[in-house]
Each structure stands twice: as C-alpha cells, then as structure tokens.
Amino acid sequence: MKFLAGLWHFLVKNISYKIMALLITALIWLLVLGRGHQTEDINLKVEFAGLVSGLEITEASYDVVKVKVKGPPKLIRKFILENDALVLGQLIDHPGIRRIRVRPKSLILPNGLRVLSMTPREIRLVVRSNEEKGK
C-alpha cells in the first residue's frame, strides 16, 4: 500500500509541469513527423503496351499525364530518375475509338510515396489497322 501511495504522490506532484512537458513533446513530435515530406508535380509520357500487332494509334487526346505525388524528397527524386513514362497495359485489339482510364494503380510507387492526383483521368484514342492507313 505504501508503494501505491508513493507512486500516486510521484504522479500528482508538479502535475502542471508534467502536463505542459507532455504537450510540448507532442507538439515537437507532430512538427518533426510532418517535416520531410513534400509534394511534387511530375509529367510522365504515356505509352501503350497492349496494342495488338497490325494496329496503330493515330490520335491520342493526351500524350502526357500530370501526376502529383507526396513523400520524402529522396524517394521523389529516385522515382523521377527511374520513371519517365506511364505505361498503360490495357489490351487494344480492334480498330475504333477507345477510352483508356488513367488510375493511380497504373504506377508502381516505392513505399513511402503516394499519388495525390492524376490529370487527365481518361485518354481517348483513335485506333486504326495498318491496312486502312495505306488506302
């Protein structure tokens, strides 16, 4: 019982200083936690990997996608150096007008980076067969 009384006295003694110290520590922790992350806009060329042989893209509404990422500056620089294009792998197997959705999961990001936005969200393609081009 003496131990509990001593512990209670230790916890309650100078309680205002202890609360103030705890609040200051929490504030510093939040400031440090928020530091080190930046937001960056990256322009990536668009490439289409799912185009079947004998077809070609004659028109695309966009050839660049603007990606806004957030994370540590070192990871952002590494991502920019390793990635200059966004490869969309949707199968394009017949001529016509196609709409390809651009999604954040199309990007392979290192752990610690996250996509805040991507513009445009959709790319319109005109696909023709190589035989039509010769006519």
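Only the coordinates and a few stated rules stand behind these numbers; no lab work does. What you are looking at is a predicted structure, and each value in this text was computed from that prediction instead of being measured. Cβ: placed from backbone, ideal geometry, glycine included. Neighbour counts: every protein chain shown.
Return the lysines within reach of Lys45: Cα separation strictly under 29 angstrom, same-chain partners fewer than 8 residues apart disregarded; answer none if there are no such residues. The reachable lysines, counting only those whose Cα sits under 29 Å from Lys45, are Lys66, Lys68, Lys70, Lys74, Lys78, Lys105, Lys133. Residue order for Val64, Val12, fewest other beta carbons within 10 angstrom first, comes to Val12, Val64.
Diffusion coefficient of the chain by Stokes-Einstein, Kirkwood radius over Cα pairs, 25 °C, 0.890 mPa s: 127 µm²/s. Each residue in Met20, Met1, Met118 was given a count of other beta-carbon atoms within 10 angstrom of its own, and listing them fewest first yields Met1, Met20, Met118. Footprinting exposure proxy ranking of Lys45, Lys13, fewest other C-beta atoms within 10 angstrom first, gives Lys13, Lys45.
Distance between the C-alpha centres of the range 1-48 and the range 103-127: 34 Å, rounded to the whole angstrom. Normalising the average separation of contacting C-alpha pairs (under 8 angstrom, six or more residues apart) by the number of residues puts the relative contact order of the chain at 29 percent. Tell me which of Val127, Val12, Ile76 sits at the most positive position along the dipole axis of the chain, charges placed on C-beta atoms (Lys, Arg +1; Asp, Glu -1). The one lying farthest along the dipole's positive direction is Val12.
Compared with the alpha-carbon gap, the fully stretched path from Ala60 to Lys18 is longer by 8.8 nm at 0.36 nm per residue.
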